[in-house]
1. Filtering segment 19-47 down to residues that are surrounded by 14 or more Cβ atoms within 10 Å (Cβ to Cβ) and not in a strand (DSSP E or B), which residue is farthest from the chain's Cα centre (by Cα)?
2. Give just the number: which of (1) within 43 Å of the chain's Cα centre (by Cα); (2) open to solvent by 60 Å² or more (accessible area, probe 1.4 Å) does I118 not satisfy?
3. Can you tell which of E187, E138, E125 is more than 30 Å from L34 (Cβ to Cβ) and outside any helix (DSSP H, G or I)?
4. Among G199, G107, which is open to solvent by less than 50 Å² (accessible area, probe 1.4 Å), in a helix (DSSP H, G or I) and over 16 Å from R92 (Cα atoms)?
5. Run F50 past the list (1) closer than 23 Å to R156 by Cβ; (2) open to solvent by 40 Å² or more (accessible area, probe 1.4 Å) and report the number of the one that doesn't hold.
6. Can you name every residue in segment 170-196 that is within 30 Å of P69 (Cα to Cα) and surrounded by 10 or more Cβ atoms within 10 Å (Cβ to Cβ)?
7. Among the numbered criteria (1) at pLDDT 90 or above; (2) open to solvent by 10 Å² or more (accessible area, probe 1.4 Å), which single criterion is violated by R140?
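The values are calculated or read from the model by the stated rules, or taken from the named source; none is laboratory data. Everything quoted here is computed from the prediction, not taken from an experiment. Neighbour counts are summed over all protein chains in view; Cβ atoms, including those assigned to glycine, are modelled from backbone coordinates with ideal geometry. SASA here: full protein model, heavy atoms, side chains in, ligands and nucleic acids out. Shrake-Rupley method; radii C 1.70, N 1.55, O 1.52, S 1.80 Å.
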Amino acid sequence: MMKAQLILPVVAVIAVAAFSSIFIVDEREKALVLQFGQVKQVKETPGLGFKIPLIQEVVTYDDRILGLPTQPLEVTPLDDRRLIVDAFARWRINDLIEFREAVGAGGVDSAQTRLDRILNAAIREVLGSVPSGRVLSEDRTVLMNQIRDRARVESRALGIEVIDVRLTRTDLPEQNLAATFARMRAEREREAADEIARGGEAAQRVRAAADRTVVELTSDARRMAEVTRGEADAERNGIYAEAFGRDPEFFAFTRSLTSYERSLQAGNSSIVMQPDSEFFTYLRSDIAPGDRPGVTDQPVGTTAASAP
């Protein structure tokens, strides 16, 4: 009975010591086994590990890619146009031993503090060597790669690897925004005025060309109309002359009828002339033109007599 009472505590101590000597490394972590602050073992693969109880301790670190957003930083490019810049870095622990020696017990928090200073220095150095136009253009990708490379070189002593750096914001300071917007507005208004002036000049040229075309077309049309009218008048006069040559009396008679038709319209029209005027020759006479002295053409006289 006394032996059982002594054995049980010993077994319990042995079990506790056995369990204390075992540690588990997750697949998302890396582990260091420390003895009095000195690194005795590096465990980078997931699974079980062993250590000396009470003498050695296990410190785990995240093996995943970590993110570090930087605080807004004011930089001055070559053209002295100040910018407010902040960035975002992706990094991971590359060498556990160097990392432990560099940051000590501070771990990831201490590493991020030191990496933030490295990033700020790299951002100032790279962006301070180019004009602000490059920072705000498509060239910023090249600049971000340069910042990443500089930060990667500086952070190797910490046992970490900088995977990528991205500029998340590149803005002007608040006190410069109003002046910048005013300058941009003035430039756009000047460009708009130039475009309006060029458009007005082009419109004036088009309008002048159209007016010239109208004048030319109108002149050609009038010339053609005058030619056509002249030809028609000549043809009409030819027809009149031919008709007059064939039968002067009948021609005079038809011309008189046309004059009567145009002059004696219904309404308030009044004609004042002498009663014995030649205009009323065919209205006063009841003698057919064929019966007049010197007129022998019976068909024509018959036509003239029947026409009134």
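1. Applying the filter and picking the extreme gives S21.
2. I118 satisfies all of (1) within 43 Å of the chain's Cα centre (by Cα); (2) open to solvent by 60 Å² or more (accessible area, probe 1.4 Å) except (2).
3. Details: E187 fails: outside any helix (DSSP H, G or I); E125 fails: outside any helix (DSSP H, G or I).
Matching residue, one of E187, E138, E125: E138.
4. On the way: G107 fails: over 16 Å from R92 (Cα atoms).
Sole residue among the options that is open to solvent by less than 50 Å² (accessible area, probe 1.4 Å), in a helix (DSSP H, G or I) and over 16 Å from R92 (Cα atoms): G199.
5. (1)
6. Correct list: T170, D171, L172, P173, N176, L177, A178, A179, T180, F181.
7. R140 satisfies all of (1) at pLDDT 90 or above; (2) open to solvent by 10 Å² or more (accessible area, probe 1.4 Å) except (1).
Yes or no, residue by residue, for (1) modelled with pLDDT under 90; (2) under 21 Å from N145 (Cβ atoms):
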{"site": "L78", "(1), (2)": "yes, yes"}
{"site": "V85", "(1), (2)": "yes, yes"}
{"site": "R90", "(1), (2)": "no, yes"}
{"site": "L96", "(1), (2)": "yes, no"}
{"site": "R100", "(1), (2)": "yes, no"}
{"site": "A105", "(1), (2)": "yes, no"}
